[in-house]
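Below is one structure, written out as structure tokens, with a few remarks after it.
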Amino acid sequence: MKTSYYTATSINGFIADSKNALDWLFQFGEVEEMKDHYPRFIAQVGALVMGATTYEWILNHEGLLDHPEKWPYTMPAWVFTHRDLPAVPGVDIRFVEGDVRPVHAAMAEAAAGKNIWLVGGGELVGQFHDAGLLDEVIVSIAPVMLEGGAPLLPRQLTTPPLRLTNVERFGEVFVVLTYAVPRID
């Protein structure tokens, strides 16, 4: 089982723009060469976690309170939040706060040997890293630059450095880099 941060970023390291929008990413539509990348990844995922901002974006973007059938995941989801957020009817969503370690343990149990996906945002992923629970970073790099927004990972990770384990090129649009996150003893 791995705990993976799988996301897309601008070249200059933002996963959302200053308005928490993803229009810069959606302009590419479905890149034909990448159509199997996400399905291969998600087939190995048994649980996922996201922060409140990411959850609210999905909730609003998909209109999930009116159309819960559009919830895109079949596995249990955890949402870290300090606020009361609406649940998507009929979906296994668990609202939590506090230390990521006990939540990770519950997610690992629910995943039953499959991987855990850290959907975002970067601050939440940073908390998993700080607790020694981040195994890999899989990042699709889009050929755009943003003025600002939500950073990929608002942490300094320098020693030991991440270890590049895979590079994939998809047409003239995306490069996907996979990095192993070394454990600090």
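Scan the range 92-109 and give yes if some residue there is buried (at least 20 other Cβ atoms within 10 Å of the Cβ), farther than 19 Å from Thr178 by Cβ and modelled with pLDDT under 95, otherwise no.
Within the range 92-109, none of the residues are buried (at least 20 other Cβ atoms within 10 Å of the Cβ), farther than 19 Å from Thr178 by Cβ and modelled with pLDDT under 95.
Between Leu22, Leu65, which is open to solvent by 70 Å² or more (accessible area, probe 1.4 Å) and either in contact with a helix residue (DSSP H, G or I) (Cβ under 9 Å, 6 or more places away or on another chain) or β-branched (Val, Ile, Thr) (or both)?
It is Leu65.
Looking for whichever is in contact (Cβ under 8 Å) with a residue 24 or more places away in the chain and open to solvent by 20 Å² or more (accessible area, probe 1.4 Å) here; the options are Thr9, Thr53, Thr74. Which one fits?
Selected residue: Thr53, the only one of Thr9, Thr53, Thr74 that is in contact (Cβ under 8 Å) with a residue 24 or more places away in the chain and open to solvent by 20 Å² or more (accessible area, probe 1.4 Å).
Residues that are more than 27 Å from Ser10 (Cβ to Cβ): list the strands (runs of 3 or more DSSP E) wholly contained in the range 69-185 that include at least 2 such residues.
Here the list reads 93-96.
The values are calculated or read from the model by the stated rules, or taken from the named source; none is laboratory data. Just so you know, these numbers come straight off a predicted model, no measurement behind them. Note that we place each Cβ from the backbone using ideal geometry, even for glycine, and neighbour counts take in every protein chain shown. Side chains included, ligands, DNA and RNA excluded: accessible areas come from the protein's heavy atoms. Shrake-Rupley method; radii C 1.70, N 1.55, O 1.52, S 1.80 Å.
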